[in-house]
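Below: one structure, written as structure tokens.
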Amino acid sequence: MATITPPADPESDPRVSAVFADIRATRGSDFINNVWRYLAFDPALLEATWAEVKAVMATPSALDPKLKEMIYAAVSIANACDYCTHSHLAAARAKGMTPAEQADFFRVVASAGKTNHLLNALRVPVDAAFLMEDK
């Protein structure tokens, strides 16, 4: 259950309307998903969140867009964010993630989670060869 009520007519606020227009233009779609509709309860928070997400996820960089979505989904799984897990897996599929890649992705996420917990329990010291300052 949501902790806030989204505005009934979010685009009546010019700041929200501007962000929604940018989302539509950036994504090439008229669809505004719930995360943005709910964030519209606070136009400043909506603006700041969209600006950061757009800068990371929609701006060309050294990482391929599908890989960015898969990384975002992995972090969302680790943080138990159901909304983001679904949203970013859907985006990764839309960007070409195949069922075989998704299966491999889940295996990597599961393996990383298990070994992270194990190593946190064991408190294994980090090898000097892995530390950036030693390079």
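Within the stretch 112-130, what residues put their amide N at less than 19 Å from the label point 7 Å along the Cα-to-Cβ vector of CYS81?
Those under the cut-off are 113.
Taking just the C-alpha trace of the stretch 43-87, give me its Rg and Dmax in Å.
When restricted to the Cα atoms of the stretch 43-87, Rg and Dmax are 11.5, 31 Å.
Can you give me the accessible area per residue for the chain, using a 1.4 Å probe, in Å²? Walk me through the numbers before you get to the answer.
Details: 9220 Å² over 135 residues.
Ligands and nucleic acids excluded, the figure is 68 Å² per residue.
Where the Cα atoms of the stretch 1-56 are projected onto their three principal axes, how long is each span, largest first, in whole Å?
For the stretch 1-56, the Cα spread along each principal axis is 27, 21, 20 Å.
Before rounding to the nearest 500, sum -39500 (n - 2.57) across all DSSP H runs of length at least 4 in the chain and divide by the residue total; then give [θ] at 222 nm in deg cm²/dmol. Show your work: numbers first, answer last.
Details: 6 runs with 82 residues, N = 135.
Value at 222 nm, helices only, nearest 500: -19500 deg cm²/dmol.
Within the accessible area of the chain, what % is carbon and sulfur when the probe is 1.4 Å and the other protein chains stay in place?
Working: 5750 of 9220 Å².
Of all accessible area on the chain, carbon and sulfur atoms account for 62 percent.
Evaluate the distance, in nm, between pseudo-label points positioned 7 Å from the Cα of SER12 and of GLN102 along their respective Cα→Cβ axes.
About 3.9 nm, to one decimal.
Determine the order of HIS88, HIS117 by accessible area, beginning with the largest, at a probe radius of 1.4 Å. Don't jump to the answer; show the numbers that get you there.
On the way: HIS88 25, HIS117 135 Å².
Putting HIS88, HIS117 in descending order of accessible area: HIS117, HIS88.
Once phi is turned into θ = phi - 60°, what whole-Hz ³J(HN,Hα) does the Karplus curve with 6.51, -1.76 and 1.60 give for every residue of the stretch 61-71, x standing for Gly and Pro?
8, 5, 9, 5, x, 5, 5, 4, 5, 5, 5
For the stretch 43-120, restrict the atom set to alpha-carbon positions and state the Rg and Dmax in Å.
That works out to 13.9, 42 Å for Rg and Dmax.
How long is the chain along each principal axis, judged by its Cα atoms, biggest number first, in Å?
Principal extents (Cα only, largest first): 55, 34, 31 Å.
Under the Karplus relation 6.51 cos²θ - 1.76 cosθ + 1.60, θ = phi - 60°, what is the ordered set of whole-Hz ³J(HN,Hα) values for the stretch 107-112, x standing for Gly and Pro?
5, 5, 4, 5, 5, 4
Need the list of aspartates and glutamates near LYS114 for cross-linking: C-alpha distance under 16 angstrom, and skip anything on the same chain fewer than eight residues off.
ASP104
On full extension of the chain, what length is gained from ALA90 through LEU122, given 0.36 nm per residue of separation minus the C-alpha to C-alpha distance?
8.0 nm
Go through ARG123, ARG15, ARG24, ARG107 and list them by solvent-accessible area, largest first, probe radius 1.4 Å. Kindly include the intermediate steps, with their values, before the conclusion.
On the way: ARG123 175, ARG15 105, ARG24 60, ARG107 140 Å².
Final ranking, largest accessible area leading: ARG123, ARG107, ARG15, ARG24.
Under the Karplus relation 6.51 cos²θ - 1.76 cosθ + 1.60, θ = phi - 60°, what is the ordered set of whole-Hz ³J(HN,Hα) values for the stretch 42-58, x standing for Gly and Pro?
Coupling constants for the stretch 42-58: 9, x, 5, 5, 4, 4, 5, 5, 4, 4, 5, 4, 4, 4, 8, 8, 10 Hz.
The values are calculated or read from the model by the stated rules, or taken from the named source; none is laboratory data. Only a predicted model underlies this, so the values are computations on that prediction, with no experimental measurement involved. Quick reminder, even Gly has a Cβ in these numbers, built from the backbone with ideal geometry, and neighbours come from all protein chains shown. Calculation scope for accessible area: heavy atoms of the full protein, side chains included, ligands and nucleic acids excluded. Shrake-Rupley method; radii C 1.70, N 1.55, O 1.52, S 1.80 Å.
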